[in-house]
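For reference, the structure discussed in these notes is given below.
The values are calculated or read from the model by the stated rules, or taken from the named source; none is laboratory data. Bear in mind that the values here come from a model prediction, so they are computed numbers and not experimental data. Here the Cβ is made from the backbone with ideal geometry for all residues, glycine too, and neighbour counts use every protein chain on show. The area values use the complete protein model at the heavy-atom level, side chains included, leaving out ligands, DNA and RNA. Shrake-Rupley method; radii C 1.70, N 1.55, O 1.52, S 1.80 Å.
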Amino acid sequence: MDLTNSAVWFAIALVFIIAVTAKIAIGRTTFDPICNRPHPPLVNSGSLIKLLLTKGPQAMIHDQHKKLGSVFTVSFFGLKVTFLVGPEASGHFYQGLESEISHGNTFEFLVPIFGKEVGYGADIPTRTEQMHFYNEALKLSKRRSNVDPMVKEVEDYFSKWGEHGVVDLKHEFEKLIMLVSSRCLLGKEVREKMFGEVYMLFRELYNGMHLTSVLFPYAPSPVNRRRDRARTKLSKILIDIVRSRKAASDQVERDVLQNLIDSKYKDGRSTTEEEVTGLIIMLLFGGNHTSSVTSTWTGAYLLSHESCLTAVVEEQKKIIRKYGNHIDYNVLQEMNTLHCCIKETLRMHPVQPINLRKVHKNFTVQTREGNEYEIPRGHTIASPVLYNNSLPHIYKDPDAYDPDRFSLGREEDRVGGTFSYTSFGGGRHRCVGEAYAYMQIKVIWSHLLRNFELKLVTPFPKTNWSKLVPEPKGKVMVSFKRVAAA
């Protein structure tokens, strides 16, 4: 992995943090002068610039962690960012109420994509209720019903591969996961009649996530204009589908879109067309690209580690002997080795390398070293997920790809407590789509492992840190050869 020497990541991370905190500062929450305990040790960013530029943020965090302990504050041009390293210091970050800590307007750049009616454009009570809509739409009984259409989409897609050839996994998974989402989340109208158009519009939204769009989301730049045009077209398509479904009340679909249409707020109000549109765009935007990237990284690791590849292939053979070629939710739950491989991939490549929140109310944090600090109102707090996922007192040989670390008997992620593994967030802020993502990636890789011999053609990919979701850099070329059915 090219983390240590990635000065590029630093440039992105630093600019992003400064931009975020600067935006928050515009609203100017004053720092609370009444603190009963000492603040964390403070370091000025000026003294870290050389280290950051030459060795990257992982080295910077490691250096300060070693010198100052697991909680320290970096002053970015007078704006305070407090790093919470390790699970011992992370409890309030993931469990705190929205009234105490929140994203603030950290994700304001997503409002033009999702809409002002949902997510980060809505007030906290509305956003909280909308998260409950997702929880209902993605609950266990609904996920069970999604397995069959997922399997069908995967089988149909790979049936079009020839007997042998070479493909770019990144491209293949990007398209396949959109097909699966069209079937399970958006419904038959999109999947059967307008997939091509919707797929291209979502790609335009993804491509609009440049640093300039993050920092200046409303600037009249060419990238933002293309993003806004794609969003307008996509909104019209989805609103037309919502209206059509409401008009045909005798036909009830079982997809997530229908669940969002049927959702009601606590006061009895139904979701509006604009809210449904924004919620489904937010769900697909947050889930599709991340699942595609994780599927690609998983493949790159499996095909680069022969022992891991052998283990997951043997697991599939064992499951076939037990269940034949039938796959349902319960069968997926027995794919423990594959699950651990995906989980280890996400440990090394979390979707968000760092999470940020704004402090609205002073709180106290206890460090692993036994110190106790008060974090004042007005600070930004940072949970460095990627760094936390590599702490040697939790993960043995953390730079090695070792899926067995999560197996029964080792379970290294439980060593430090609840927040030892936060690739999907945690506590009140745990990703609602975690189980769905694992299920989707398992369906894809179980089919590939059963039906193809695969080899990585290109070198193991480096990380492209210029993306909002860090992804494999360049193409990930894989050769395939279809194998006879077992």
Failed item, numbered, when N207 is tested on (1) closer than 22 Å to T294 by Cβ; (2) surrounded by 14 or more Cβ atoms within 10 Å (Cβ to Cβ): (2)
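Rundown of residues vs (1) within 27 Å of the chain's Cα centre (by Cα); (2) touching a residue at least 24 places away in the same chain (Cβ under 8 Å); (3) buried (at least 20 other Cβ atoms within 10 Å of the Cβ), yes/no style:
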| position | (1), (2), (3) |
| --- | --- |
| H39 | no, yes, no |
| G46 | no, no, no |
| G91 | yes, yes, no |
| I101 | yes, yes, yes |
Members of the range 105-141 that are open to solvent by 40 Å² or more (accessible area, probe 1.4 Å) and in contact with a helix residue (DSSP H, G or I) (Cβ under 7 Å, 6 or more places away or on another chain): N105, E108, E117, Y120, E136
Please verify whether the range 224-238 includes one or more residues that are outside any helix (DSSP H, G or I), at pLDDT below 95 and surrounded by fewer than 22 Cβ atoms within 10 Å (Cβ to Cβ). no
Could you pull out every one of the helices (runs of 4 or more DSSP H) wholly within the range 45-135 that has 3 or more residues that are of a type outside the set (G, A, S) and modelled with pLDDT of 90 or more? 57-68, 91-95, 111-114
Considering only the range 408-455, state which residues are open to solvent by less than 30 Å² (accessible area, probe 1.4 Å) and among the hydroxyl-bearing types (S, T, Y). S420, Y421, T422, S423, Y436, Y438, S446
Checked against (1) open to solvent by 10 Å² or more (accessible area, probe 1.4 Å); (2) touching a Ser or Thr at 6+ places or on another chain (Cβ under 7 Å); (3) on the phi > 0 side of the Ramachandran plot, K80 satisfies every condition except (3)
Residue count, the range 321-354, condition among the β-branched types (V, I, T), open to solvent by less than 30 Å² (accessible area, probe 1.4 Å), in a helix (DSSP H, G or I) and out of contact with any Phe, Trp or Tyr (no Cβ under 7 Å at 6 or more places or on another chain), comes to 0
Residue in the range 435-449 that is in contact (Cβ under 8 Å) with a residue 12 or more places away in the chain and not in a helix (DSSP H, G or I) present: no
